[in-house]
Amino acid sequence: MPGERVRLAKALLDLARSTLKSVWSDMAAGDYRWVILKSWRAAKEALLSLSYSGIAEGPVDEDLSGLYALLYNSCPSIEWSDVALLDYARTLVEDLGLYMIFYSAGPGPRRKDGIQSLEASVRIVESAVRCIEEPLSGASPTAGIPFPLDALRRKISTFSGGRVTVVRSGRKLYIITAEMPDDIVGRIELVRGIEAPLGFQVLPLAAEEAYSYVNLPWTALEDVEVVRDDLGLGQFFEVRSVNQGHAIF
């Protein structure tokens with residue numbers, strides 16, 4: 001069984017490299033949406049290879065942020081910002097509402113968005129290779145990260161980086177400020193100071209974008225709470241009990 005896991009880990013790393021190679025044809029064609037999606041996929045394959053190699057053990061999460069929470073102790077060369085950027089970029093191109101809002105001024109993802117995603121993915125894959133080839137001595141597998149709601153509330157309550165509204169929906173954090181940079185790297189860097197607990201996916205939005213998003217007729221957020229509201233945006237998030245079959249619209 002251990003030998004099978006090692007072979008699977010190696011196959012996943014090979015698959016991650018192959019996925020990255022295929023990105024260049026999309027870059028040449030100017031299809032930056034596929035660049036983002038493939039970059040995210042390659043990073044996930046690399047993180048899964050770490051899991052199967054025995055460096056970390058636990059349930060497989062759909063997003064990179066959940067996987068990263070399982071491995072950060074054993075592979076510290078993987079940067080939170082790269083993981084957060086790829087999850088954010090993927091959500092922007094897969095969520096129809098966010099896609100319409102974020103790319104309203106153009107035909108879709110820009111070359112800069114694709115390059116930033118590809119660079120982040122390459123760094124994650126390279127880090128995974130190093131951590132598998134030279135595992136940290138004394139590092140033990142992480143059994144999993146509990147849902148850190150108390151840690152989240154403490155961090156958000158003490159954040160002093162300016163006025164911000166933070167809305168939690170499951171493991172997604174909508175981090176809202178009056179204005180946001182227009183590029184995904186700039187947005188991730190802006191919210192880095194909040195130090196979101198591991199396992200959460202961050203979605204930085206400008207106030208106008210957040211207002212537009214929650215007012216789309218098909219937008220439904222579940223398991224929601226307004227964690228902090230310096231901007232007075234809580235009025236746009238009608239929080240009801242999910243147990244009663246309600247959601248936010």
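Laboratory data are not the source of any read-out in this text; all were calculated from the coordinates shown. All of these numbers come straight from a predicted model, not from anything done at the bench. Heads up, the Cβs are rebuilt from the backbone with ideal geometry, glycines too, and the neighbour counts pull from every protein chain shown.
Counting Lys +1, Arg +1, Asp -1, Glu -1, what net charge surrounds Leu190 among other residues with beta carbon under 12 Å of its beta carbon? After counting each charged neighbour, the total is -2.
For the pairs Lys38/Lys155; Lys10/Lys112; Lys44/Lys172; Lys21/Lys44; Lys21/Lys172, note any where the Cα-Cα span goes beyond 23 Å. Pairs exceeding the cut-off: Lys38/Lys155; Lys10/Lys112; Lys21/Lys172. Using only alpha carbons, the chain has a radius of gyration to Kirkwood radius ratio (Rg to Rh) of 0.98.
With N as its number of residues, segment 2-131 has a Cα radius of gyration that, divided by 2.2 N^0.38 Å, comes to 1.06. Only Lys, Arg, Asp and Glu carry charge here, each on its Cβ (+1 for the first two, -1 for the last two); on that basis the chain has a dipole of about 300 debye about its Cα centre.
Prolate is the label for segment 159-248, because a/c, from the alpha-carbon gyration tensor with a ≥ b ≥ c as root eigenvalues, is 1.5 or above and a/b exceeds b/c.
Judged by the ratio a/c of the largest to the smallest principal axis of the C-alpha gyration tensor, segment 67-108 counts as prolate, that ratio being 1.5 or greater while a/b is larger than b/c. Here the contact order of the chain, divided by its residue count and restricted to Cα pairs under 8 Å and six or more residues apart, works out to 20 percent. Across segment 69-79, coupling constants 3J(HN,Hα) worked out from phi with the 6.51/-1.76/1.60 Karplus curve, θ = phi - 60°, read 4, 7, 10, 4, 5, 8, 9, x, 6, 6, 8 Hz, and Gly and Pro carry x. Coupling constants for segment 184-201 follow from the phi torsions by the Karplus curve (6.51 cos²θ - 1.76 cosθ + 1.60, θ = phi - 60°), and in residue order they are 5, 5, x, 5, 5, 5, 5, 8, 4, x, 6, 6, 4, x, 4, x, 8, 9 Hz; glycine and proline get x.
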